[in-house]
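Enquirer: Once you've had a glance at the structure underneath, I'll fire off some questions.
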Amino acid sequence: MRKIFGFMIGVVVGGLVGSTIALLLAPESGEELRGQLRERGVSMQAEIRNAADARRIELRDRLDELRTPPEA
C-alpha cells in the first residue's frame, strides 16, 4: 500500500514539475498552451481515476477472498 501511495505521489509531483517546465519552455501562444495543459490534466486525471478504480477492485477481491472461510 505504501508503495502505491508513494508512486501516486511521484506521478502527481512529476506531472506538476513537467507542466511547469512546459510552461516555461513552450513556443506556443498562451491560449494554445493552456488548452493543451487542460487536455493533459483531464487525461492524467482519468488515468489516475482508472488506476485507482482497478486497485480498488483488486483490493476488494482480495478482501473478499480473505473473509471467505477456507473449504475443508
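Nothing in this text is a laboratory measurement; each read-out follows from the coordinates by a stated rule. Computed from a predicted structure; not experimentally measured. Ideal geometry is used to build each Cβ from the backbone, glycine not excepted, and the neighbour counts take in all protein chains shown.
Enquirer: Here are some residues: Leu66, Leu59. Which one is surrounded by 10 or more Cβ atoms within 10 Å (Cβ to Cβ), out of contact with any Phe, Trp or Tyr (no Cβ under 8 Å at 6 or more places or on another chain) and either aliphatic (A, V, I, L, M) or in a helix (DSSP H, G or I) (or both)?
Expert: Leu59
Enquirer: For the structure I just gave you, tell me whether Glu31 is over 11 Å from the mean Cα position of the chain (by Cα) and of a type in the set (Asp, Glu).
Expert: Against the criterion (over 11 Å from the mean Cα position of the chain (by Cα) and of a type in the set (Asp, Glu)), Glu31 qualifies.
Enquirer: Among the residues of the stretch 19-41, write down those that are aliphatic (A, V, I, L, M), surrounded by 10 or more Cβ atoms within 10 Å (Cβ to Cβ) and assigned to a helix (DSSP H, G or I).
Expert: Hits for the stretch 19-41 are Ile21, Ala22, Leu23, Leu33, Leu37.
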